[in-house]
């Protein structure tokens, strides 16, 4: 059997008696036209390893395999392992590796080194809604550095990642993401595209790492600064950043202390983070 011989996804789900679990934040993409578009947006994928989180019935997995990727699928729900095993059998030899694990706990570097040594690594996923943001923060700030990410989020989360300064959705997620990557919404998907339909629409965000990103120590300080600034976003920086130095911190970074967090661009937050780091290391 080849990928082309596989039954429709809905039929595969029914034959295995599978359904989405609300507790896992599962909403399946069964339309191969949509999953193939996501794969194209992450492509070209020939000669690449792709880490996919939460493959479920394997709709996006099929599209990634069709595009020539070597896929490492991380699935927490053991109910889907037999169905994914069938997909692995239909794929070219060695093209799909299925790992039963919690994606928040796995070591992506080790997985790629073991199952796709020497290949460039991308992350392409229709992320479970309840872990999308923590997974993104993990990939942005941790040691694992994929060359590209194409990730499906709730549309509201996607807007928070890509928001510009002054936008209502602009916050610490946008600052951290944009300090490290060029992030853009590249596709939207209505709720009706999923099974079962969620209550909100979704969107795919493509994140491409910057050529010269800030060092990890600066990003750690940036997390501290943005947590304080946006934790009290209606206050002026002199108040919200009081525990970090308030007015003296702002003065050292060249940022007006009477500004509010949502008016400070990413570059301004990086200056604040650098001052915090310099004080820590002094």
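Odds and ends about this structure:
- Put simply, the C-alpha atoms of the chain give a gyration tensor, and the ellipsoid matching it has half-axes of 39, 19, 15 Å, longest first.
- In the elastic network of the chain, a GNM with C-alpha springs shorter than 10 Å, the most mobile of 205, 98, 175 is 98.
- Contour minus Cα-Cα distance for residue 199 and residue 263 (0.36 nm per residue): 19.9 nm
- Remark: relative contact order (the stretch 3-209) = 21 percent; criterion is Cα-Cα distance under 8 angstrom and separation of 6 or more residues.
- Between residue 95 and residue 167, full extension at 0.36 nm per residue minus the direct alpha carbon distance yields a gain of 21.7 nm.
- Calculated FRET value between residue 280 and residue 185, using beta carbons and R₀ = 41 Å, to 0.05: 0.70
- Among beta bridges identified by DSSP and lying wholly in the chain, the antiparallel ones come to about 50 percent.
- When the chain is treated as a Gaussian network with alpha carbon springs shorter than 10 Å, the biggest mean-square fluctuation among 108, 11, 147 belongs to 11.
- Choice from 71, 266, 106 showing the highest fluctuation, given a GNM over the chain with Cα pairs closer than 10 Å: 106
- Between residue 114 and residue 19, the simple label model (points 7 Å from Cα in the Cβ direction) yields a spacing of 3.4 nm.
- Alpha carbon centroid spacing (whole Å) that separates the stretch 163-236 from the stretch 11-66: 23
Read-outs: derived from the displayed coordinates by stated rules, not from any lab. Only a predicted model underlies this, so the values are computations on that prediction, with no experimental measurement involved. Using ideal geometry, Cβ is built from the backbone for each residue, glycine included, and neighbour counts are taken over all protein chains shown.
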